Structure formats: structure tokens, C-alpha cells
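Enquirer: Following this message is one structure expressed as C-alpha cells.
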Amino acid sequence: MCSQKSPVTDPGSFAATEARIRRTHERFPAFRRDAAVLVRLVRHIQAQVHDAANAILREHGLNHADYNILIMLYGSADQAMNPSQLGGAAGEKSANLTRICNGLVDRGLVDRVADPQGDRRKVQLSLTRRGVELLETLLPVMTDLLDRCMLGFAPDERDQLEHLLKRLLVNVEALGRPA
């Protein structure tokens, strides 16, 4: 017989994570339960959206990392970026970016083109026509996914959440700098 797990006993649920954070706070009262819940909540949301996106993208032979590279190129002024810019925009390390881009080049979705300033040591990565067509096929479905994530939020609530998360981002980005 298959038993259904309760949210608190399912190790992947947020309720289980929240229970562990609460117990940590009980054992060590100086541990900031509120901050830990918020940071873990952001991570949990990201993982859930990532998984849902991968389910959609898999039907098109892509994964979320591939899509992220394509959408960053699509959103750039001329649909091209150098690898350093693209890695920063997509949040990918250099080695992983190379692997992802090699796969996208092999599938004809991205091209490596000469640097517009003529530096032969540098390349630009740009979307191909096929890459643009695939992305424009995916955008309505991905937009629907984003809309479903925001169900029940009024526009002013979305704006407030964006503002608060950007404030949190400023604090998190400062963690890497000397105090």
C-alpha cells in the first residue's frame, strides 16, 4: 500500500524545511528564523519554477540552462553578447557556459561570430534565425508559466514584491564585498 506523505514529513516540501528551521531556532535562539525562512523560500520557489520550466522545455529538446542562454541573447540589443557578458547575465560559470553554448551551436540555435571591433581573440555569441524561431514558439508557453506563478497577486502586490526582493538582492550582493 502506498502512503501519502504529509507536507511536514516530505523532505522536499517547504513545510518540512520550515520545520527544520524552526527546530534550529529552538535549539539556537540567536539563529534568525525569519531570515532563514525567507532565504530558503526564495530558493524553494526558484527550484519549483525551474522544474516546471524544464518539463515544458524538455518537449523542445532544451533545459532551463539552455533557455536561459537563449532568452538572455534574445533580450540583448542586437541578440548577441560576448561570452563574459552572457555568463554574467545568465549566471553561469565559464566552463558550464562553454558546454551549454557548444550544444546550442551544434543544434544551430546560436552562432559564434567574429568580434565587431575586429579583435580576432574575441567572439560574440548570437541567436540564429532558428534560435529566434524556437524562442518565439516557447515564449507564449513560458509567459503562461510566469502568469500562473503570479496568480492571485494584484499588480501593486507584484510591484511591492519586486521592490522588496530587489532590496534583498542589494544586501546579498554586498555579502561578497568587504564590510
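Enquirer: Go through the range 93-119 residue by residue and tally those that are open to solvent by 40 Å² or more (accessible area, probe 1.4 Å) and not β-branched (Val, Ile, Thr).
Expert: Qualifying residue count, the range 93-119: 14.
Enquirer: On the basis of being among the hydrophobic types (A, V, I, L, M, F, W, C), open to solvent by 70 Å² or more (accessible area, probe 1.4 Å), under 28 Å from Leu70 (Cβ atoms) and touching a residue at least 40 places away in the same chain (Cβ under 8 Å), does Leu138 make the cut?
Expert: So Leu138 does not fit the description; no.
Enquirer: Take the conditions within 18 Å of Tyr74 (Cα to Cα) and surrounded by 13 or more Cβ atoms within 10 Å (Cβ to Cβ) and apply them to Arg129. Does it pass?
Expert: On the way: within 18 Å of Tyr74 (Cα to Cα): yes; surrounded by 13 or more Cβ atoms within 10 Å (Cβ to Cβ): no.
So Arg129 fails the test.
Enquirer: Quick one: Leu62 ticks every box in (1) surrounded by 12 or more Cβ atoms within 10 Å (Cβ to Cβ); (2) assigned to a loop (DSSP other than H, G, I, E, B); (3) at pLDDT below 95 except a single one, so which number is it?
Expert: (3)
Enquirer: All but one of (1) part of a helix (DSSP H, G or I); (2) under 18 Å from the mean Cα position of the chain (by Cα); (3) not hydrophobic (A, V, I, L, M, F, W, C) hold for Glu92; which doesn't?
Expert: Evaluating Glu92 over (1) part of a helix (DSSP H, G or I); (2) under 18 Å from the mean Cα position of the chain (by Cα); (3) not hydrophobic (A, V, I, L, M, F, W, C) leaves (1) as the failure.
Enquirer: Select, from Gln124, Gln117, the only residue that is part of a strand (DSSP E or B) and either at pLDDT below 95 or touching an Asp or Glu at 6+ places or on another chain (Cβ under 9 Å) (or both).
Expert: Gln124
The values are calculated or read from the model by the stated rules, or taken from the named source; none is laboratory data. Since we're looking at a predicted model, the values are computed, not measured. Neighbour counts run over all protein chains shown; Cβ positions are idealised from the backbone, glycine included. The accessibility values were calculated without ligands, DNA or RNA, using every heavy atom of the protein model including side chains. Shrake-Rupley method; radii C 1.70, N 1.55, O 1.52, S 1.80 Å.
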